Amino acid sequence: MRRASLEEIKNLWLNKQWKDDDDFHLYISSPFCRVACSYCVYKGKLINFRNEDDVKQFNNYYYNFLPNLIDEFAEVITSRKLDSVYFGGGTPNLMSAELMREIFDRIPGFKDIPIKGIDLNPAYITKEQIDVMHEYGFTLFCWGVQSFNKDSVKHHNRSYVSYERFKEIVEYTKTKGIYQSADLICYLHKYNTEDVQIYLDDLQKCMDLDLDFATMAADFHTVASDQNLGDLFVEASKDFVRNSENYNLELDLINGAEISPRKPITRAIRKGITGKQFLTEILSYFGSNDFPEAISNILALGDDTSMYEIMSYWPRELFYITKRLNNEPAFYVIYENIQSINNIESYQEPAKPARKAGPAPSNMANLRKMLNLNI
């Protein structure tokens, strides 16, 4: 790993030899969260809007650091047509509707980007925010539901949103013609086979809402401790989706799509959506913190969360991370000019199972230690 200057990174992008069929995506980091969900390994920086120092940090990021970084890369952003932009977190909808406008307006040619996606916590969403995102042409809302089981989410310190409230949000968003998905997690309550039925009930509720797709995952800490539970989650998911009336398994759709392959995710996609449509119109962005799996050209801008950096890459050519040091961007090149990736190890893959199943600790230093991360 070597440190690179801002000018070097910009010049790399501006002098990149693009192929005609290369894609180009923009990722914007929203690194703040109101609470630390104990299952999450993408924890944001905790923000308390009643704390003056926290508010100062939040405002400094959104009114200074991020806009300045966007300005620095404006020439790169406009050098080639963007296929998509994605706002990830953290919790992007901690931005007010007014602040959303300011950030969207700062990105050159924002309204012309064909695919615009965003991670959203339904517990904090407002009608005004939905209206603004619709005005700016957002095409995909990814709702971080995780579970409709109150005990499961409260057990992990996550803000709860009821099924009834989520239904209201989904129905309003449907009037805007925006694609919608829900993220679900298995093994958040008992950390054993009993949780599978809770998870399947959650998945059925998402299907009842006629969401465009659902992205399903098993709690990392639980399956790292017991691979059998991981296998059970995968098989139960496959069986449930394949036996449903209105949804297909992403794995089945991608295998039949005439498009560059990517690593399948456990995901249920509403019938009527083809594999090619899903990969080119709905969720063309495919981010990864694992360089060997990177298949997209992604320019990532922002501040790192408390665990994972902002990762930019060109498949088989370049992989660098962005951090904020002394309120200035710092860039570190991990891989460059790699033609064969068969023997490259995953950048942040844990060397051993993280711990026994159960709630993750809230202390990030302990979590880093368990995952053997020296970052």
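The values are calculated or read from the model by the stated rules, or taken from the named source; none is laboratory data. Keep in mind it's a predicted model, so treat the numbers as computed, not measured. All Cβ positions, even for glycine, are placed from backbone atoms using ideal geometry, and neighbour counts span all protein chains on display. All accessible areas refer to the heavy atoms of the entire protein, side chains included, with ligands and DNA or RNA removed. Shrake-Rupley method; radii C 1.70, N 1.55, O 1.52, S 1.80 Å.
The one condition from (1) surrounded by 14 or more Cβ atoms within 10 Å (Cβ to Cβ); (2) in contact with a Lys or Arg (Cβ under 9 Å, 6 or more places away or on another chain); (3) not in a loop (DSSP other than H, G, I, E, B) that residue 62 does not meet is (2). Is it true that residue 96 is surrounded by fewer than 20 Cβ atoms within 10 Å (Cβ to Cβ), modelled with pLDDT of 95 or more and of a type in the set (S, T, N, Q)? In short, yes.
Residues checked against (1) within 24 Å of residue 145 (Cα to Cα); (2) open to solvent by 10 Å² or more (accessible area, probe 1.4 Å):
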residue: 5; (1), (2): no, yes
residue: 11; (1), (2): no, yes
residue: 19; (1), (2): no, yes
residue: 34; (1), (2): yes, yes
residue: 100; (1), (2): yes, no
residue: 104; (1), (2): no, no
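For region 125-133, the criterion of being outside any loop (DSSP other than H, G, I, E, B) and touching a residue at least 60 places away in the same chain (Cβ under 8 Å) is met by no residue. Against the condition more than 17 Å from the chain's Cα centre (by Cα), among the hydrophobic types (A, V, I, L, M, F, W, C), at pLDDT 90 or above and on the phi < 0 side of the Ramachandran plot, how does residue 251 come out, does it pass? No: the conditions fail for residue 251. Listed by position, the helices (runs of 4 or more DSSP H) enclosed by region 150-255 that each have at least 1 residues that are of a type in the set (S, T, N, Q) and open to solvent by 40 Å² or more (accessible area, probe 1.4 Å) are 194-208, 220-225, 227-242, 250-255.
Residues in region 65-78 include at least one that is touching a residue at least 40 places away in the same chain (Cβ under 8 Å), within 19 Å of residue 12 (Cβ to Cβ) and open to solvent by 20 Å² or more (accessible area, probe 1.4 Å).
Do we find a residue being closer than 20 Å to residue 131 by Cβ, touching a strand residue (DSSP E or B) at 6+ places or on another chain (Cβ under 6 Å), part of a strand (DSSP E or B) and not basic (Lys, Arg) anywhere in region 87-110?
The answer is yes, given that some residue of region 87-110 is closer than 20 Å to residue 131 by Cβ, touching a strand residue (DSSP E or B) at 6+ places or on another chain (Cβ under 6 Å), part of a strand (DSSP E or B) and not basic (Lys, Arg).
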